[in-house]
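Please treat every number below as a calculation from the coordinates, not as lab data. Keep in mind it's a predicted model, so treat the numbers as computed, not measured. Here the Cβ positions follow ideal geometry from the backbone for every residue, glycine too, while neighbour counts run over all protein chains shown.
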Amino acid sequence: MKAQTQFGVKGKLVPRYVGPYEILEKINPVTYRVALPPVMEYMHNVFHVLMFRDYLQDPLHVIEPIHVLLKDDYTYEKKPIQIVNRHIKRLRNKEIPLVKIDWQNHEETYVTWETEEDMIK
């Protein structure tokens with residue numbers, strides 16, 4: 001049996017699930033041990049069922065794992081690749097310059113709107 005795991009990273013364009021990974025053992029009715037890849041060997045491999053999503057097996061669907069270099073605290077550094085677009089958000093008394101950034105360390109295109117001031121820092 002396989003399942004995809006949900007992690008705490010949230011956002012509109014962020015992948016919400018990683019996997020599929022094989023379920024090794026049912027610990028109790030709501031907790032399962034999952035076979036994680038070597039890149040995630042230091043991560044706790046026991047998950048609650050609410051963090052899973054059913055995986056419908058398709059022999060033509062091959063998923064390659066994403067290789068992201070994790071730090072000791074299981075975070076990774078996002079690096080901007082390029083500015084894709086610019087926009088000025090107009091409020092009543094203020095104008096906020098925004099830039100659309102294409103980020104590195106993601107399998108698919110991952111872009112977000114950030115304030116230009118934050119990106120200069």
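Just to verify a number: FRET efficiency for Lys26 and Thr115, C-beta to C-beta distance, R0 = 30 Å, to 0.05?
My answer for the efficiency is 0.05.
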Projected-area mean, the range 80-120, by convex hull of Cα positions, square nanometres: 3.0 nm²
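Just to verify a number: FRET efficiency for Leu60 and Trp103, C-beta to C-beta distance, R0 = 30 Å, to 0.05?
The pair Leu60/Trp103 has a calculated efficiency of 0.55.
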